[in-house]
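All remarks here apply to the structure that follows.
The values are calculated or read from the model by the stated rules, or taken from the named source; none is laboratory data. Worth saying up front: this structure is predicted, and the values here are computed from it rather than measured. Here the Cβ positions follow ideal geometry from the backbone for every residue, glycine too, while neighbour counts run over all protein chains shown.
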Amino acid sequence: MVDVEAIPYTVTHSSFFMDFKGRDLISETMLTYMDSCFAKYTDKQTSFSSSVNGSYELYRSQCVRDVHTMYAMQQTILSARNISVSRGEVDELITEQYLSDAHVEQYLSTAHVDAFAYLLAEKNKLFPGLYKTFLYISCLYYSYARENYKDISSLYVNHITRDAVQEADYIISTLCHDRHWTLLVGVVKDKYWAFFYSLPKDHHKKILNDVIQKLHGDVGESFDTDIRTWPINFPSGVPTQTNSIDCGIFVCKYMEELVKHEGEGVPEHVLLSLEEALQYLGASDDDLLMTTLISWVRDCFWIC
């Protein structure tokens with residue numbers, strides 16, 4: 001057995017200047033704010049070795065265990081209630097390697113989809129009624145479940161309780177198979193599954209029965225019917241990508257469109273500007289740099 005404490009890692013400092021794809025598309029004023037912000041926050045960021053005696057799964061379990069410790073070692077740019085943004089997280093968010101689905105096998109590469117789902121859930125908590133009710137399952141659940149790492153995979157579904165399911169409209173599970181992102185959605189009240197994929201290829205469907213079987217084994221008692229008997233639908237007319245790298249972004253957009261209320265409009269109490277929302281959360285005027293940065297991230301990834 002390999003001692004996870006012995007897994008090597010490196011500690012580096014963020015650069016004062018961050019060069020990233022798309023700088024030429026950003027206004028000079030915004031770039032000035034962003035560069036000033038990056039230059040102020042350059043404390044340590046940590047990365048773990050991607051190979052531990054050939055055991056990639058052990059490496060990922062170490063990342064799961066230490067991810068909060070890892071982020072704690074990075075310098076915090078913004079902290080408001082339960083929202084915290086570190087410089088290391090910004091580095092990961094806007095660098096090409098982080099967003100590339102070609103690197104999705106790396107643990108942190110799943111975070112851009114997980115973070116988007118978390119954002120939708122948090123916005124719904126802050127503004128009740130903004131979205132339909134959903135329970136989210138990270139793609140890491142199936143990654144561990146299929147390898148029988150039950151002690152880890154169970155952490156990703158411990159919120160799927162009977163009470164939670166009764167209140168939910170959807171069970172939303174992201175999947176990453178053969179380096180391609182897809183979305184499996186359980187429509188709770190109508191008792192069927194819907195599968196969304198931006199590159200329609202039949203081989204991505206092959207894992208669905210196994211995914212559902214794993215879910216049944218872990219959380220089947222939370223449902224009043226056998227989820228293995230729910231039919232799987234493949235909605236027609238779903239937008240598809242025109243290249244080989246945008247599947248993660250498409251899955252994010254599928255999730256957002258799915259949970260929107262059709263034809264009901266947005267409740268008046270959620271029509272806040274970003275600055276008003278930050279003020280509501282207790283942010284100060286000193287957060288102008290991060291406000292600008294968040295606006296840019298929002299526009300790039302269709303967050304709002």
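Pairs are defined by a Cβ separation below 7 Å, a sequence spacing of at least 6 or placement on different chains, a first member in the stretch 206-234 that is without any contact (Cβ under 8 Å) to a residue 40 or more places away in the chain, and a second member that is surrounded by fewer than 16 Cβ atoms within 10 Å (Cβ to Cβ) and hydrophobic (A, V, I, L, M, F, W, C); the pairs so defined are Leu208/Ile232.
The helices (runs of 4 or more DSSP H) falling completely within the stretch 187-304 that include 1 or more residues that are at pLDDT 85 or above map to 208-219, 247-259. Residues that are of a type in the set (Ser, Thr, Tyr) and out of contact with any Ser or Thr (no Cβ under 7 Å at 6 or more places or on another chain) are absent from the stretch 161-169 altogether. The residues of the stretch 154-184 that are within 17 Å of Leu208 (Cα to Cα), of a type in the set (Ser, Thr, Tyr) and out of contact with any His (no Cβ under 9 Å at 6 or more places or on another chain), listed by number, are Tyr170, Ser173, Thr174. Looking only at residues that are assigned to a helix (DSSP H, G or I) and of a type in the set (Phe, Trp, Tyr) in the stretch 21-41, which one is nearest to Arg87 (Cα to Cα)? Among them, the one singled out is Phe38.
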